[in-house]
1. Kindly flag which residue pairs out of 22/99; 45/97; 45/99 have an alpha-carbon separation exceeding 32 Å in this structure.
2. Rank by packing, highest mean first: peptides 25-38, 53-66, 6-19, with packing defined as the count of other Cβ atoms within 10 Å averaged across residues.
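FYI, it's all coordinate maths here, none of it is from the lab. In this text, all values refer to a predicted model and were calculated from it rather than measured experimentally. Methodologically, a virtual Cβ is constructed for each residue, glycine included, from the backbone with ideal geometry; neighbour enumeration extends over all protein chains shown.
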Amino acid sequence: MDYYSSDVVTHMQALYHSLSEKDRRRYAAIEAEKLGHGGIEYIAKLFGCHRDTIRQGRADIEALPEDPAEGRVRKKGAAGEMLAAASPGLSKRLKKKLKRKRRARPSKTEPSGPTWD
């Protein structure tokens, strides 16, 4: 079942992937609501998200204008640092893991590869 032309689908997907996680949920929920019956399954497949994500977006929209997470946007990788600070037992393992991840990233200031003097 195709609801939109391929050009519109491309633009919708580009917009969806440019949004924050919360806004993606809400956008997907509104698009699914516009389509009516079968809209959730179609939009979930179109955007590559789970049906529960769209249902959560619907709940988010119904709770407006009160938004307990207003202005918040999660940063990728921030959860590991928060867990390390909150849980002393896991702290050492998480800190080691985070250090390994940081070391694995190439430096933007130092050239990579062999240097010839």
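1. Beyond 32 Å between Cα atoms: 45/97; 45/99.
2. Ranked from most to least packed, the peptides come out as 25-38, 53-66, 6-19.
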